[in-house]
Amino acid sequence: MPSPKPIIGIIGGIGSGKSTIARQFAALGCAVIDADALARQALQEPATIEQLMQWWGPSILREDGTVDRSAVAKIVFAQPQQLARLENLIHPMVNARRAELRAEYGNKSGVLAVIEDCPLLLEKHLEGDCHAIVFVQASELTRQNRVKSSRGWTAAELESREKKQIALDIKASRADYVIQNDGSEAQSLTHVRTVLSQILKTVA
């Protein structure tokens, strides 16, 4: 069911700060759908755990019986066919939940717009769900520093992950708006406020 509120998709490079920008939209009255969080939830569903155990054995579980995401990542990013296998299991669950949340938030009073924080929005051809696409811009050095701090990744690992996604210049060219996120959060919030105002004016 179409949302009566504008749906804004957020895209950008790994480490560009898409989730930070999404939180800033939320602070201005938007509701955020976090695809990564939904994927993490789907990964811990009992049926999902059972399937992963059948594929890859008990080594992908932590001692408490939950899925060790780092162990899964080592498997799927080294073997494209295993990544496709995982995505075919998880993505339908995530997309079903995204649709539910779009309908819920779209009809909720006080919500100005619905934010789709979905890292693979373009790769999975989900941009058609959105009224506007926002590209979060950050320099390569900034992104390298962020993923090193937050995820412990090297520059080489960041490059390897990004090669599996659409090139950044193509992503930027397919966006309706660009938000700079190299500076302070106060600076990016100013950009977010301006972009949200423009979208609300142009999307009926």
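Throughout, read-outs are computed from the coordinates displayed, never taken from laboratory work. Because the structure is predicted, anything quoted here is derived from the model rather than measured. Neighbour counts run over all protein chains shown; Cβ positions are idealised from the backbone, glycine included.
Would you please put 158-165, 117-124, 59-66 in order of how densely packed they are, using the mean number of other Cβ atoms within 10 angstrom per residue and starting with the highest? List each step's numbers first, then the result.
Numbers: 158-165: 14.2, 117-124: 19.5, 59-66: 11.4.
In descending order of packing, they fall as 117-124, 158-165, 59-66.
State the Kirkwood hydrodynamic radius of the range 113-181 in Å, one decimal place, computed from all pairs of distinct Cα atoms.
13.2 Å
Distance check, please: which entries in Lys5/Lys171; Lys124/Lys171; Lys124/Lys163 exceed 20 angstrom between their Cα atoms? Walk me through the intermediate numbers first.
On the way: Lys5/Lys171 24 Å; Lys124/Lys171 13 Å; Lys124/Lys163 15 Å.
In this structure, Lys5/Lys171 lie more than 20 Å apart at Cα.
When Phe25, Phe135 are ordered from fewest to most other Cβ atoms inside 10 Å of their Cβ, what list results? Don't skip to the answer; put the middle values down first.
Details: Phe25 26, Phe135 21.
Ordered from fewest to most neighbouring Cβ atoms within 10 Å, Phe25, Phe135 come out as Phe135, Phe25.
Could you calculate the FRET efficiency of Ser19 with Glu87 from 1/(1 + (r/R0)^6), where r is the beta carbon distance between them and R0 is 25 Å, rounded to 0.05?
Working: r = 20 Å, r/R0 = 0.81.
Once the sixth-power term is evaluated, E becomes 0.80.
Okay, helix-only estimate at 222 nm for the chain: each DSSP H run of n ≥ 4 adds -39500 (n - 2.57), divide by all residues, round to 500 deg cm²/dmol; what do you get?
Values: 9 runs with 109 residues, N = 204.
Helix-only estimate at 222 nm: -16500 deg cm²/dmol.
By how many nm would the segment from Lys74 to Lys108 lengthen if fully extended, with 0.36 nm per residue of separation less the alpha-carbon distance?
Working: separation 34, 0.36 × 34 = 12.24 nm, distance 4.00 nm.
The span from Lys74 to Lys108 would gain 8.2 nm if fully extended.
How large is Rg/Rh for the chain, to two decimals, with Cα atoms and a Kirkwood Rh?
A ratio of 0.98.
Using label points projected 7 Å from each Cα along Cα→Cβ, tell me how many nm separate Thr154 and Asp64, to one decimal.
Using points 7 Å along Cα→Cβ, the separation is 3.1 nm.
Length gain on complete extension for the stretch Gln44 to Ser184, per 0.36 nm per residue less the alpha carbon to alpha carbon distance? Write down the numbers at each step before the final one.
Numbers: separation 140, 0.36 × 140 = 50.40 nm, distance 3.49 nm.
Result: 46.9 nm gained on full extension.
Taking neighbour counts of Cβ atoms within 10 Å as a proxy for exposure, in what order, fewest first, do Asp176, Asp129 appear? Before the final figure, lay out each step's value.
On the way: Asp176 16, Asp129 19.
If I rank by nearby Cβ atoms, fewest first, I get Asp176, Asp129.
Using alpha-carbon pairs under 8 Å, 6+ residues apart, how would you state the relative contact order of the chain in percent?
Numbers: 272 pairs, mean separation 78.2, N = 204.
In percent, rounded to a whole number, it is 38.
For labels at Trp55 and Ala37 in the simple 7 Å Cα→Cβ model, what's the distance in nm?
In this crude label model, Trp55 to Ala37 measures out at 2.5 nm.
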